[in-house]
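Everything below concerns the one structure shown next.
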Amino acid sequence: MKNHNWIPVGYVAGVHGLKGQLKCSFFNPDPEWLKPGVDFYLAPKDGNEPIRASSEDKKSNHSSSFGYKVIRLIILHSNVQNQYLLTFQDVSSREKAEEFKSCQLMIPADSLKTENEDELYFNQIIGCEFYDATKSTTTSFGVIEGVSHTSAHDIVVVKSHKDELYFEVPWVKSFIERIDLDKKQVLFNVPEGLFDEELGQKTR
């Protein structure tokens, strides 16, 4: 079986109505590839690989040729503040839709086509050194260890080099100074007080 590099492109934010519609948010606010026929591979909220399909998934067309759990987009209803209302194949009841709540939506990297060279996915910045642009130091504060999501915005988890504490940084576009994927560096205008020691966590 081919070994894919899985790209997390969004997540299921909730369920809408009684007919199985899902509310989904995407990391790119205007994904040009989002159209009927796209298959999304489902992963746990903090996972890095799709869920294996069950025997029930295989009966209901929710299994890919790779043996992973998958759902196919068939209708794109609306987009309000980067929350899309979508209908998926064979998801026609609220009970069925609840199965997918909070799941990550993933796509194999080699199947994702885009004409936008500036489009960025979170898997690309995990492992990057994180620099605070508001400080004069040229030393990295820490390394980006992961990403989480809230209804307000996405969160980047940074582990500090000094104390090995974990800090949650709101991924707000206006705070980003520079991203250099070749050098694996992110330069960020960190809000005052965000890296105060009492806000750090010893574990994730």
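Remark: Val157 matches the filter, which requires a residue to be modelled with pLDDT of 85 or more and touching an Asp or Glu at 6+ places or on another chain (Cβ under 8 Å).
Table: residues versus (1) under 20 Å from the mean Cα position of the chain (by Cα); (2) under 14 Å from Asp132 (Cα atoms); (3) in a loop (DSSP other than H, G, I, E, B).
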| residue | (1), (2), (3) |
| --- | --- |
| Glu164 | no, no, yes |
| Glu177 | no, yes, no |
| Asp182 | no, no, yes |
| Pro191 | no, yes, yes |
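Remark: pairs (first residue in segment 137-148, closer than 14 Å to Lys183 by Cα; second residue outside any strand (DSSP E or B) and of a type in the set (Val, Ile, Thr); Cβ separation under 6 Å; 6+ apart in sequence or on different chains) = Ile144/Ile125; Ile144/Ile126.
The values are calculated or read from the model by the stated rules, or taken from the named source; none is laboratory data. Please read these numbers as outputs of a predicted model, since none were measured by experiment. No Cβ is skipped: glycine too gets one built from the backbone with ideal geometry, and neighbour counts run over all protein chains shown.
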